[in-house]
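The values are calculated or read from the model by the stated rules, or taken from the named source; none is laboratory data. These numbers come from a predicted model, not from an experiment. Here the Cβ is made from the backbone with ideal geometry for all residues, glycine too, and neighbour counts use every protein chain on show.
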2 protein chains.
Amino acid sequence: MAMLGGRPTLEEVALRAGVSRATVSRVVNGSTTVAEPIRDAVLRAVEELGYVPNQAARSLVTQRTDSVALILPETPNRVFSDDQFFPGIIRGVSQELEAVDKQLVLMMAGSTASHGRVERYALARHVDGVLFASMHGIDPLPGTLARMGMPVVCSGRPLGRDTVPYVDVDHVGGVRTAVGHLIASGRRRIATIAGPLDMVAGVDRLTGYREALAEAGLRCLVASGDFTRESGHTAMRQLLVDDPDLDAVFIASDLMAHGALRALKAAGRRIPEDVAVIGFDDIELARYTDPPLSTVRQPIVEIGRRIARQLLWLAAGEEVDREVILPTELILRDTT
Amino acid sequence: MAMLGGRPTLEEVALRAGVSRATVSRVVNGSTTVAEPIRDAVLRAVEELGYVPNQAARSLVTQRTDSVALILPETPNRVFSDDQFFPGIIRGVSQELEAVDKQLVLMMAGSTASHGRVERYALARHVDGVLFASMHGIDPLPGTLARMGMPVVCSGRPLGRDTVPYVDVDHVGGVRTAVGHLIASGRRRIATIAGPLDMVAGVDRLTGYREALAEAGLRCLVASGDFTRESGHTAMRQLLVDDPDLDAVFIASDLMAHGALRALKAAGRRIPEDVAVIGFDDIELARYTDPPLSTVRQPIVEIGRRIARQLLWLAAGEEVDREVILPTELILRDTT
DNA sequence: TTGTAGGCGTTATCAT
DNA sequence: ATGATAACGCCTACAA
């Protein structure tokens, strides 16, 4: 049992086991060059004293902390508001990290002021690496850290010309498939509610929509939201004003789709008879909207796992792919 | 600019500024006993070299890490699945922590195996404190850590007889108000879908329901869920079998209520004409269910902030209240 | 196989 | 007001 105030050190364990500090260190770190009986004695002493290595001391010499930082752009609306994206990412990341006994340090970085904090922190702690999730606009931070030799991986293709490794899904392809399905089933006035255009996910999904319509020679009708329910609701009402006869809409996130569904129903549209809708994400909510939402599934937790794995490779000094693209899948429910 | 491989140390800054390490340390830590010109010279050197203090070295001597751990019981279903509780807590906690420039270390602790990890970690890192959110059953970990002198605060009254400080809401009172409202508006066959009974939130909300019905001389009808949508859906169907004539139901979480709404509609019940429903939480979803859900609001983010603040006080060596109870509020929308 | 000793980058206690 | 100097707890050559 460790006692209050002053936990045992290597030194004390060594004393108790009747060996040198070096030997204790070897045992604790699993070196194989220690005689069986000695190892046992040390282990017993460790047990009896309740010894736990001091991570700060260890880091000081090893230059590692066995922890990685996950940086999330805290925008008032989105992060943790009611979106399953971040929770999913966190979950995936922590699964992978746990497997190798590393810790997850979470940092919100909304303001540019906090960018300073983040940078200082990453440097000061010697975190073993930094993960970024869904940045807005052109953020120099990932590139800056990478250039200083810090392992960095992003979820979502980073804007700008920094070339840090990232994991993303095939937004364009996924949306083209979805909109293609709408067209194939006879819809002709197909609108979209785009995500924020300072985010790759927003831009790429809009591109997919545009490409699909262009190919079919159909006209575009675009409204914009910021991935929140509320914005989806507002955008849908706008769309209904712009073209009361629209017969389908692709919406860049399920949450926005949820808001849009409400606007559609309020306007007396039957779904999917009058207007078909397809969302993007496939969060659990999608199965419970009324009617259940057709959507483009992206493997959110898997993205978290992959960025974590990539980072661990990087930190281990390996080369990793500059780009990993995960597939999406069209899930057809009752809104199409 | 710090260079790759080997960032500058106190020593180098001292050299460059032409002073001793001690003086640099003083400046960096904001001591007031340093002459103006010297301070400036040091600051300039810090700037030019891109010096950032090494946290490990610092922790080694100060015995602090400026970081706190947040332990979440990772159950396959709940954490981060689609519940706004944990995200809200995290958000509140990180707001408070950021204000004092401390870091948040996130740890999932589902298995008992991971309990070992958590304990070791908390000890090894000298985290300044540990936060627990919504534990299941009787968990000895908070008490154990507290006894070892570690500052600990829980969100939700801990089961068992360990006496660690906690922050919770008035579950019983909130539910009694809600059920009281149902009764006052003429409902007589009022069922409930309870949360998991190994959690205080589950037990207390059930108690509130029982008390309210007992007072009114009404009969109880109870089904159980685990706070997920799916379980709410299942439980509601069961309830409908048990008593096809029920005219109201109090549901221990909004997510379960969402699932239940679906079951109710599938069974052809009109809401609220045939059956009234009230949930608990007031997550954003509640405004978007069909119809919008009446519910008992609990201030989730505020809970996060409070546990963080309490912990900070504790860590600073102050006394804190053993118990902080936050109020709830009945939000009436269209399901009542 | 085991022990010795030096150093990791800071802070803090003394002198000065 | 500033500067030596001794910890802080551990890892790791290097020596034995």
Quiz item: So which of A:Arg333, A:Arg306 is in contact (Cβ under 8 Å) with a residue 40 or more places away in the chain and under 21 Å from A:Leu159 (Cα atoms)?
Solution: A:Arg306
Self-check item: Flag if B:Val172 is free of Cβ contacts under 8 Å to residues at least 12 places away in the same chain and closer than 30 Å to B:Leu141 by Cβ
Solution: no
Exercise. Identify all residues within segment B:96-123 that are within 7 Å of chain A (Cβ to nearest Cβ), under 16 Å from B:Gly143 (Cα atoms) and of a type in the set (A, V, I, L, M, F, W, C); write none if there are none.
Key: B:Leu123
Exercise. May I ask you to verify whether A:Phe227 is touching a strand residue (DSSP E or B) at 6+ places or on another chain (Cβ under 7 Å) and of a type in the set (A, V, I, L, M, F, W, C)?
Key: no
Quiz item: Which ones in segment B:4-62 are part of a loop (DSSP other than H, G, I, E, B), of a type in the set (A, V, I, L, M, F, W, C) and within 11 Å of DNA strand C (Cβ to nearest atom)?
Solution: B:Val52
Practice problem: Restricting attention to strands (runs of 3 or more DSSP E) lying wholly within segment A:241-336, give those where 1 or more residues are of a type in the set (S, T, N, Q). | Solution: A:294-297
Quiz item: Given the conditions (1) within 11 Å of chain B (Cβ to nearest Cβ); (2) buried (at least 22 other Cβ atoms within 10 Å of the Cβ); (3) under 27 Å from B:Gly110 (Cα atoms), and given that A:Val130 satisfies all but one, which numbered condition is not satisfied?
Solution: (1)
Quiz item: Among (1) modelled with pLDDT under 95; (2) under 18 Å from B:Thr289 (Cα atoms), which single condition is A:Ala263 missing?
Solution: (1)
Practice problem: Output yes when any residue across segment B:177-186 is of a type in the set (S, T, N, Q), touching a residue at least 60 places away in the same chain (Cβ under 8 Å), surrounded by fewer than 17 Cβ atoms within 10 Å (Cβ to Cβ) and on the phi < 0 side of the Ramachandran plot, and no when none is. | Solution: yes
Practice problem: Please find, within segment B:140-162, the residue that is farthest from A:Leu104 (Cα to Cα) out of those that are out of contact with any helix residue (DSSP H, G or I) (no Cβ under 8 Å at 6 or more places or on another chain) and assigned to a loop (DSSP other than H, G, I, E, B). | Solution: B:Arg161
Quiz item: Quick one: is A:Ala45 within 13 Å of DNA strand D (Cβ to nearest atom) and free of Cβ contacts under 8 Å to residues at least 24 places away in the same chain?
Solution: no
Quiz item: Can we say A:Val301 is buried (at least 21 other Cβ atoms within 10 Å of the Cβ), hydrophobic (A, V, I, L, M, F, W, C) and farther than 30 Å from A:Thr62 by Cβ?
Solution: no
Quiz item: Within the set of pairs 6+ apart or on separate chains, which have a first residue in segment A:187-208 that is at negative phi, a second that is polar (S, T, N, Q) and crowded, with 20+ Cβ neighbours inside 10 Å, and C-beta atoms under 7 Å apart?
Solution: A:Gly195/A:Ser253; A:Met199/A:Ser134; A:Ala201/A:Ser134; A:Leu206/A:Thr192
Quiz prompt | Residue ID - surrounded by the fewest Cβ atoms within 10 Å (Cβ to Cβ), chosen from residues in segment B:48-68 that are on the phi > 0 side of the Ramachandran plot and either near DNA strand D (Cβ under 8 Å from one of its atoms) or in contact (Cβ under 8 Å) with a residue 60 or more places away in the chain (or both) | solution = B:Gln63
Quiz item: Does at least one position in segment B:118-127 carry a residue that is under 18 Å from the mean Cα position of the chain (by Cα), over 29 Å from A:Ala57 (Cβ atoms) and buried (at least 17 other Cβ atoms within 10 Å of the Cβ)?
Solution: no
Quiz item: Within segment A:261-285, which residues are surrounded by 24 or more Cβ atoms within 10 Å (Cβ to Cβ) and within 23 Å of the chain's Cα centre (by Cα)?
Solution: A:Ile278, A:Gly279, A:Phe280, A:Asp281, A:Ile283, A:Leu285
Quiz prompt | Residue under evaluation A:Thr192, criteria (1) surrounded by 20 or more Cβ atoms within 10 Å (Cβ to Cβ); (2) not assigned by TED's automatic domain parsing to the domain that holds A:Glu215, criterion not met | solution = (2)
Quiz item: What are the residue pairs meeting all of these: first residue in segment B:280-291, first residue within 10 Å of B:His258 (Cβ to Cβ), second residue of a type in the set (A, V, I, L, M), Cβ atoms under 7 Å, and 6 or more apart or on different chains?
Solution: B:Ala286/B:Leu293; B:Thr289/B:Leu261
Exercise. Report yes if A:Ala201 is modelled with pLDDT under 95, buried (at least 22 other Cβ atoms within 10 Å of the Cβ) and out of contact with any Lys or Arg (no Cβ under 6 Å at 6 or more places or on another chain), otherwise no.
Key: yes
Quiz item: Counting only residues that are assigned to a loop (DSSP other than H, G, I, E, B) and not small (Gly, Ala, Ser), how many does segment A:163-197 have?
Solution: 9
Quiz prompt | Residues being more than 17 Å from B:Ser67 (Cα to Cα), of a type in the set (Gly, Ala, Ser) and surrounded by fewer than 23 Cβ atoms within 10 Å (Cβ to Cβ) - total across segment B:147-164 | solution = 2
Quiz item: Of the residues that make up segment A:116-128, is at least one at pLDDT 90 or above and either within 16 Å of DNA strand D (Cβ to nearest atom) or within 13 Å of A:Ala308 (Cα to Cα) (or both)?
Solution: yes
Self-check item: segment B:15-40, subset near DNA strand D (Cβ under 7 Å from one of its atoms) and of a type in the set (Ser, Thr, Tyr), residue surrounded by the fewest Cβ atoms within 10 Å (Cβ to Cβ)
Solution: B:Thr33
Quiz item: Give me the pairs: first residue in segment A:224-239 and under 20 Å from A:Asp204 (Cα atoms), second residue of a type in the set (Ser, Thr, Tyr) and surrounded by 24 or more Cβ atoms within 10 Å (Cβ to Cβ), beta-carbon distance under 7 Å, and six or more apart or on different chains, which are they?
Solution: A:Phe227/A:Ser253
Self-check item: Selected residue [within 14 Å of chain A (Cβ to nearest Cβ) and closer than 27 Å to B:Val93 by Cβ] from B:Thr228, B:Thr234, B:Thr289, B:Thr295
Solution: B:Thr228
